[in-house]
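See structure below.
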Amino acid sequence: METGLIAIGAGIAVLTGLGAGIGMGIATGKAAEATARQPEVTGKINSVLILGLALTESTAIYGFVTALMIMFTMGA
């Protein structure tokens, strides 16, 4: 019973990757729209996009690490 709850907790922690993926897709789409509207500021748009994507990806990594910690520390 306890092992099942640990697996459910780890699965929920990994779901942060789903939110991060959706967020990165939306951000990339908006950056493409902004570049199409104002091509002269492409460099500024790209730098802001890369910073935002890095922060979004860190959320997914934190969720993955949390899932690993749940599995290996509580599952042992």
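Readers should treat all values here as calculations from the given coordinates under stated rules, not as data from a laboratory. What you see is a predicted model, and the numbers here were worked out from it, not measured in a lab. Because the Cβ atoms are built from the backbone with ideal geometry, glycine has one as well, and the counts that use them run over all protein chains shown.
Overview of results
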{"quantity": "From G23, G29, G52, G19, residue being in a helix (DSSP H, G or I), under 29 Å from L68 (Cα atoms) and over 8 Å from the mean Cα position of the chain (by Cα)", "calculated": "G52"}
{"quantity": "Residue in region 16-27 that is surrounded by 15 or more Cβ atoms within 10 Å (Cβ to Cβ), polar (S, T, N, Q) and touching a residue at least 12 places away in the same chain (Cβ under 8 Å) present", "calculated": "yes"}
{"quantity": "Criterion (β-branched (V, I, T), surrounded by 11 or more Cβ atoms within 10 Å (Cβ to Cβ), free of Cβ contacts under 8 Å to residues at least 24 places away in the same chain and assigned to a helix (DSSP H, G or I)) met by exactly one of I45, I70, I6", "calculated": "I45"}
